[in-house]
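*Asks:* I have a structure here, written as structure tokens, and I will follow up with some questions on it.
The values are calculated or read from the model by the stated rules, or taken from the named source; none is laboratory data. Please read these numbers as outputs of a predicted model, since none were measured by experiment. Don't worry about glycine lacking a Cβ; one is built from the backbone with ideal geometry, like all the others, and counts go over all protein chains shown.
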Amino acid sequence: MKMFNKVLIANRGEIACRVIRSCQNLGVKTVAVFSDADEHALHTLMADEAVRIGASPSAESYLKYETIIEAAKQTSAEAIHPGYGFLSENTAFAEACAEAGIVFIGPSAEAINLMGDKAKAKALMDEASVPTVPGAYGSDLSEKDLKKAADKIGYPVLLKAVAGGGGKGMRVVEKATEFADAYAAAQREGESSFGNGEVMVEKYLGTPRHVEIQIFADSEGNCVYLFERDCSLQRRHQKVVEEAPAPHFSEDLRAQMGEAAVRAAQAVGYVGAGTVEFLLDGENFYFMEMNTRLQVEHPVTEAITGLDLVELQLSVAAGDTLPFTQEELTFEGHALEVRLYAEVPHENFMPSTGTLLHCKFPEENQYVRVDTGVVAGDTISHHYDPMIAKIITWGPTRNAALQYMQKALHDTQIVGVDTNAAYLANIMKYKDFAEGNVHTKLLERDQTAFLMPEIQHVDNQKLAALYWLETLAEHQPLSDDDPHSPWADMRGWRLGGSASIRIPFVDDELSAKAKGDNWAFDDGTVAHGTVYGEMVEAVIDGHKSVATIIEDEGALHVFSTFGHSILTLEPENELEADDTAVLGKLSAPLPGKVVKVTAKAGAKVEKGTSLMILEAMKTEHHITAPADGTVDELFFKVGETVDKDAVLLGFTPAAEKPEMAEKVAK
Ligand code: ADP
């Protein structure tokens, strides 16, 4: 096998760690790059060398390709692996690598360019007899032409910014009268996010599946397909759950789509790993786009084929011929992947930032794989994508993979940021998903089912109570009211015996009395427990259980066989935030960058009006008026970055409104 001596990884997080791992298996030396925020990140520790490339914002580090190429030269790296995102589909970077005599692990700049433009790619596919969604495209088409085409195709139609990606720049048009507004929005988003306002139109399919084909090509013109992945479970066009092979998918369709994907790759002289994305509507499939890089979800393909795609990428980039023909390729079993995000599903999936106080993933074995770039103590910062980890399971059947995934999610413990773990667990339990009846609208259509909170097991409450009684109660101050009461000094309770102690959980009224070596709870439960660090070992009504308990911001997180529960403790100081303070100013819910200011100082606005838009971790957040009122003052301009809780603008609610006045007076 041809191989490099040293490779630089122009990325961070789980993908950087994952590429480093493959390099290490091959004996290839690795160079990591890092921003200030990532000085202590896992990828910098795993690599043989690590080079600082700039400040925390990606524009000042991971996107600065001259600096990265300089780092490769300095460390004598022969090749650069771009991972996904950042510079992976940047033609200028691919060209600059070539000029510097460094191998860019990916296709040619020309192929990236052709596939980066949805309209150009579609034209090419039409030539290569790869089916595309009916529509109209071309830089010579005016808004009027596109409207005419839309009327002919029939509504609903989808407008797409040709340079769009990551679900941005797309607008569904339900009827002709909505066309103009949607067109303007798609054009604006294409212009502002990708520097290209060109828009195309296509038929909007109702409930299609997203099925993509992994292809691999070498520099001698050999090209194979490594089967399909179903990525239909998406939220706002972003993938959440992926699997391989696709459920309810015939051999015949597999061959047809695989061959079409190979034609697509060959049409642009593709070299390396690539993914051809299709929409599948019944048995009809349509080319959507080609991603000229490794995909986030590549592990499910690895799991069913037994191949290491990064190893293949390196060897093909080093000039090797593909080690197999299409006929030699097979797959076995079924694999699932979920993306574990730091986000708050109940608050419209707002990203959650913070330090990972506790971070435990399921144990890896032949059925479970975890790709991550973080460990406990690391920070999920607003500078980058809030993905914490990818969890991948494999089983001989889809059902087995699903069972392993349920267990793997159950065994995942994160404290410090909110996560979508319960949301993912709900998806795994959902009937349509279990039966493989997936489509791209499923997550949004049945959202309430996926947002259901975990059922709180009463034993988790007891485990937390025992932990509190055995550790925290001892630290409680003496009661101010009656220092001589028998249970004012809780350190003495065991001797006092019969006094009842109230456990200060906010939502779960509970008290207990010492009874011999046990605690007798007021609901009749009798239990005792011993605390060892973060573990509590207990016997509750004669049944043994063990839990990990983590204290965070006045709450106890319990992880046990009964699942994850959070028990909030009453604050020691009962004073709560004053509503007037909240209404008097509007602050940033999370750190980010101001991308739009719609409010004007002095303007009267209605409740719910968008006043400002913050962008954080690739998502836009609207700061809206909490009530009817007046904007007093603006503290930030477009382009400025804000910290969490920074006061963004002054706001006075209209006091004459009775319910408002009442709130303010409280
Ligand atoms: P991006 O480049 O932003 O990822 P894609 O063209 O890959 O955009 O489309 C992303 C997702 O949008 C698809 O997976 C699918 O769910 C949806 N989508 C795209 N085109 C259509 C269409 N014509 N009809 C219905 N859904 C579509």
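*Asks:* Cβ-Cβ under 8 Å, sequence separation 6+ or interchain: first residue in segment 115-129 and farther than 17 Å from Lys168 by Cα, partner among the polar types (S, T, N, Q) and within 11 Å of the ligand (Cβ to nearest atom). Which pairs?
*Replies:* Going by the 8 Å Cβ cut-off, the qualifying pairs are Lys122/Thr132; Met125/Thr132; Asp126/Thr132.
*Asks:* Could you tell me whether segment 52-60 includes any residue that is farther than 14 Å from Ile102 by Cβ, touching a strand residue (DSSP E or B) at 6+ places or on another chain (Cβ under 8 Å) and aliphatic (A, V, I, L, M)?
*Replies:* yes
*Asks:* Out of curiosity, is Val130 in contact with a helix residue (DSSP H, G or I) (Cβ under 7 Å, 6 or more places away or on another chain), within 16 Å of the ligand (Cβ to nearest atom) and either more than 27 Å from Pro107 (Cβ to Cβ) or not basic (Lys, Arg) (or both)?
*Replies:* Considered against the rule, which asks whether it is in contact with a helix residue (DSSP H, G or I) (Cβ under 7 Å, 6 or more places away or on another chain), within 16 Å of the ligand (Cβ to nearest atom) and either more than 27 Å from Pro107 (Cβ to Cβ) or not basic (Lys, Arg) (or both), Val130 comes out as yes.
*Asks:* So for segment 376-386 (the condition being surrounded by fewer than 22 Cβ atoms within 10 Å (Cβ to Cβ), touching a Leu at 6+ places or on another chain (Cβ under 6 Å) and either of a type in the set (Phe, Trp, Tyr) or not assigned by TED's automatic domain parsing to the domain that holds Leu614 (or both)), does at least one residue qualify?
*Replies:* Yes, some residue in segment 376-386 is surrounded by fewer than 22 Cβ atoms within 10 Å (Cβ to Cβ), touching a Leu at 6+ places or on another chain (Cβ under 6 Å) and either of a type in the set (Phe, Trp, Tyr) or not assigned by TED's automatic domain parsing to the domain that holds Leu614 (or both).
*Asks:* Quick one: Lys148 ticks every box in (1) part of a helix (DSSP H, G or I); (2) closer than 19 Å to Gly272 by Cβ; (3) free of Cβ contacts under 8 Å to residues at least 12 places away in the same chain bar one, so which box is it?
*Replies:* Going through the list (1) part of a helix (DSSP H, G or I); (2) closer than 19 Å to Gly272 by Cβ; (3) free of Cβ contacts under 8 Å to residues at least 12 places away in the same chain, Lys148 breaks only (2).
*Asks:* Please give the number of the condition Ser545 fails out of (1) within 25 Å of the chain's Cα centre (by Cα); (2) at pLDDT 85 or above; (3) small (Gly, Ala, Ser).
*Replies:* Looking at each condition in turn, Ser545 falls short on (1).
*Asks:* Can you tell me which residues in segment 418-434 are in a loop (DSSP other than H, G, I, E, B), touching a residue at least 24 places away in the same chain (Cβ under 8 Å) and not polar (S, T, N, Q)?
*Replies:* Applying the first criterion (in a loop (DSSP other than H, G, I, E, B)) to segment 418-434 yields 418, 420, 430.
With touching a residue at least 24 places away in the same chain (Cβ under 8 Å) added as a condition, the list becomes 418, 420.
Within segment 418-434, Asp418 is the sole residue that qualifies.
*Asks:* Test Val370 against the criterion of being within 30 Å of Phe34 (Cα to Cα), of a type in the set (Val, Ile, Thr) and free of Cβ contacts under 8 Å to residues at least 40 places away in the same chain, and give yes or no.
*Replies:* Yes.
*Asks:* Then there is this: Spot the failing condition for Phe179; the list is (1) modelled with pLDDT of 95 or more; (2) farther than 16 Å from Ala136 by Cα, and only one is missed.
*Replies:* All conditions are met except number (2).
*Asks:* Determine, yes or no, whether Ala376 is at pLDDT 95 or above and either in a helix (DSSP H, G or I) or of a type in the set (Lys, Arg) (or both). So that I can check it myself, show each step before the final result.
*Replies:* Numbers: at pLDDT 95 or above: yes; either in a helix (DSSP H, G or I) or of a type in the set (Lys, Arg) (or both): no.
Criteria not met by Ala376.
*Asks:* I'd like to verify a number: residues in segment 439-468 that are among the charged types (D, E, K, R) and farther than 30 Å from Ile549 by Cβ, how many? Steps first, answer last, please.
*Replies:* Pass one, segment 439-468, residues among the charged types (D, E, K, R): 441, 444-446, 454, 459, 462.
Within this subset, residues satisfying the condition of being farther than 30 Å from Ile549 by Cβ are 441, 444-446.
Residues that pass the stated criteria total 4.
*Asks:* So Glu251 passes all but one of these: (1) closer than 17 Å to Thr305 by Cβ; (2) in contact with a strand residue (DSSP E or B) (Cβ under 7 Å, 6 or more places away or on another chain). Which condition number does it fail?
*Replies:* Looking at each condition in turn, Glu251 falls short on (2).
*Asks:* Can you find a residue in segment 256-274 that is over 30 Å from Val103 (Cα atoms) and surrounded by fewer than 19 Cβ atoms within 10 Å (Cβ to Cβ)? Talk me through it step by step, then tell me what you get.
*Replies:* Taking segment 256-274 first, the residues over 30 Å from Val103 (Cα atoms) are 256-257.
Still in the list and also surrounded by fewer than 19 Cβ atoms within 10 Å (Cβ to Cβ): 256.
For segment 256-274, residues over 30 Å from Val103 (Cα atoms) and surrounded by fewer than 19 Cβ atoms within 10 Å (Cβ to Cβ): present.
*Asks:* May I pose another question? Are any residues in segment 94-115 of a type in the set (D, E, K, R) and under 26 Å from Asp126 (Cβ atoms), and if so, which ones? Don't jump to the end; show me each part of the working.
*Replies:* Initially, segment 94-115 is screened for residues of a type in the set (D, E, K, R), giving 95, 99, 110.
Across segment 94-115, the qualifying residue is only Glu110.
*Asks:* Now for a separate question. Going by the conditions given, is Gly138 more than 10 Å from the ligand (Cβ to nearest atom), free of Cβ contacts under 8 Å to residues at least 12 places away in the same chain and closer than 28 Å to Val271 by Cα? Spell out the reasoning first.
*Replies:* On the way: more than 10 Å from the ligand (Cβ to nearest atom): yes; free of Cβ contacts under 8 Å to residues at least 12 places away in the same chain: no; closer than 28 Å to Val271 by Cα: yes.
It is false that Gly138 is more than 10 Å from the ligand (Cβ to nearest atom), free of Cβ contacts under 8 Å to residues at least 12 places away in the same chain and closer than 28 Å to Val271 by Cα.
*Asks:* Another one. Of these, Val276, Val262, which one is farther than 22 Å from Tyr367 by Cβ, hydrophobic (A, V, I, L, M, F, W, C) and not in a helix (DSSP H, G or I)? Outline the logic, then answer.
*Replies:* Numbers: Val262 fails: not in a helix (DSSP H, G or I).
Going through Val276, Val262 in turn, just one is farther than 22 Å from Tyr367 by Cβ, hydrophobic (A, V, I, L, M, F, W, C) and not in a helix (DSSP H, G or I): Val276.
Yes or no, residue by residue, for (1) closer than 15 Å to Gln234 by Cα; (2) touching an Asp or Glu at 6+ places or on another chain (Cβ under 9 Å):
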site	(1), (2)
Asp378	no, no
Ile388	no, yes
Ala401	no, yes
Tyr404	no, no
Ile414	no, no
Leu451	yes, no
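*Asks:* Take Tyr155 and tell me if it is more than 25 Å from Lys596 (Cβ to Cβ), outside any strand (DSSP E or B) and among the aromatic types (Phe, Trp, Tyr). Reasoning before the result, please.
*Replies:* Working: more than 25 Å from Lys596 (Cβ to Cβ): yes; outside any strand (DSSP E or B): yes; among the aromatic types (Phe, Trp, Tyr): yes.
Yes: the conditions hold for Tyr155.
*Asks:* Residues Ala10, Ala47: which one is under 24 Å from Thr355 (Cα atoms) and surrounded by 21 or more Cβ atoms within 10 Å (Cβ to Cβ)? Even if it seems obvious, please write down each step before you answer.
*Replies:* Numbers: Ala10 fails: under 24 Å from Thr355 (Cα atoms).
Criteria check complete, one pass: Ala47.
*Asks:* Among Glu243, Glu220, Glu212, which is the only one that is under 20 Å from the mean Cα position of the chain (by Cα), over 19 Å from Phe287 (Cβ atoms) and either among the charged types (D, E, K, R) or not assigned by TED's automatic domain parsing to the domain that holds Gly138 (or both)?
*Replies:* Exactly one residue qualifies, and that residue is Glu243.
*Asks:* Then there's this: So, of the residues in segment 182-209 that are among the basic types (Lys, Arg) and more than 20 Å from Gln256 (Cβ to Cβ), which turns out to be nearest to the chain's Cα centre (by Cα)? Please lay out each step first, then the result.
*Replies:* Applying the first criterion (among the basic types (Lys, Arg)) to segment 182-209 yields 188, 203, 209.
Adding the requirement that they be more than 20 Å from Gln256 (Cβ to Cβ) leaves 188, 203.
Working: Arg188: 25, Lys203: 29 Å.
Checking each candidate, the answer is Arg188.
*Asks:* If only one of Tyr341, Tyr430 is under 21 Å from Val300 (Cβ atoms), among the hydroxyl-bearing types (Ser, Thr, Tyr) and surrounded by fewer than 20 Cβ atoms within 10 Å (Cβ to Cβ), which one is it? Before the answer, list the steps.
*Replies:* Details: Tyr341 fails: surrounded by fewer than 20 Cβ atoms within 10 Å (Cβ to Cβ).
Among Tyr341, Tyr430, only Tyr430 is under 21 Å from Val300 (Cβ atoms), among the hydroxyl-bearing types (Ser, Thr, Tyr) and surrounded by fewer than 20 Cβ atoms within 10 Å (Cβ to Cβ).
*Asks:* Of (1) over 24 Å from the mean Cα position of the chain (by Cα); (2) within 15 Å of the ligand (Cβ to nearest atom), Phe249 satisfies all except one. Which?
*Replies:* Every condition holds for Phe249 apart from (2).
*Asks:* Mind listing whichever residues of segment 167-225 are away from the ligand (no atom under 15 Å from the Cβ) and assigned to a loop (DSSP other than H, G, I, E, B)?
*Replies:* Lys175, Gly195, Gly197, Asp218, Ser219, Glu220, Gly221, Asn222
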